[in-house]
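The values are calculated or read from the model by the stated rules, or taken from the named source; none is laboratory data. In this text the structure is predicted, and so the values were computed from the model without any measurement. A quick note on method: Cβ atoms are made from the backbone with ideal geometry, for glycine too, and the neighbour counts reach across all protein chains shown.
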Amino acid sequence: MTMPRVQTTEEGMQRAAQEFSDKATEFTSSLQSVDAQMATLRAFWSGQASQGFAQAMSSWESSFQKVINELINMLDVMGVTTKGYVAAEDTAAGAASSFGAALPGI
């Protein structure tokens with residue numbers, strides 16, 4: 001089975017990294033907002049139903065935080081990948097120009 005060919009550009013990698021950054025920021029803000037709303041709710045609601053709801057929300061918040069952490073991890077990976085991609089492009093461009101110098105008239 002042939003593997004699909006994957007291509008990207010430095011610009012594409014930078015746009016993807018920016019999208020991950022934007023979403024991580026947006027999601028973190030949303031999580032903080034939910035936390036604030038939960039604090040308000042806990043101040044006025046008690047009892048067994050309140051405890052069950054709080055446990056469910058705690059589980060949800062933990063899962064959502066994992067999503068945020070993975071976005072941040074992808075940012076780290078994208079940063080390294082983008083730097084590696086730029087370095088590889090610079091090396092390839094240098095090699096191409098030395099080929100051009102070695103083969104005048106082409």
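Looking at residue 27 and the list (1) at pLDDT below 90; (2) surrounded by 10 or more Cβ atoms within 10 Å (Cβ to Cβ); (3) assigned to a helix (DSSP H, G or I), which single condition is not satisfied?
Failing condition for residue 27: (1).
Quick check, is residue 58 over 18 Å from residue 10 (Cα atoms) and at pLDDT below 90?
When the stated conditions are applied, residue 58 does not pass them.
Identify, by number, the condition in (1) loosely packed, with under 10 Cβ neighbours inside 10 Å; (2) at negative phi that residue 47 doesn't meet.
(2)
Every residue, every condition in (1) in contact (Cβ under 8 Å) with a residue 12 or more places away in the chain; (2) outside any helix (DSSP H, G or I); (3) closer than 20 Å to residue 79 by Cα; (4) not aliphatic (A, V, I, L, M), yes or no:
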residue: 16; (1), (2), (3), (4): yes, no, yes, no
residue: 22; (1), (2), (3), (4): no, no, yes, yes
residue: 32; (1), (2), (3), (4): no, no, no, yes
residue: 43; (1), (2), (3), (4): no, no, no, no
residue: 51; (1), (2), (3), (4): no, no, no, yes
residue: 54; (1), (2), (3), (4): yes, no, no, no
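For residues that are surrounded by fewer than 11 Cβ atoms within 10 Å (Cβ to Cβ) and not in a helix (DSSP H, G or I), scanning just segment 1-14, find the one that is farthest from the chain's Cα centre (by Cα).
1
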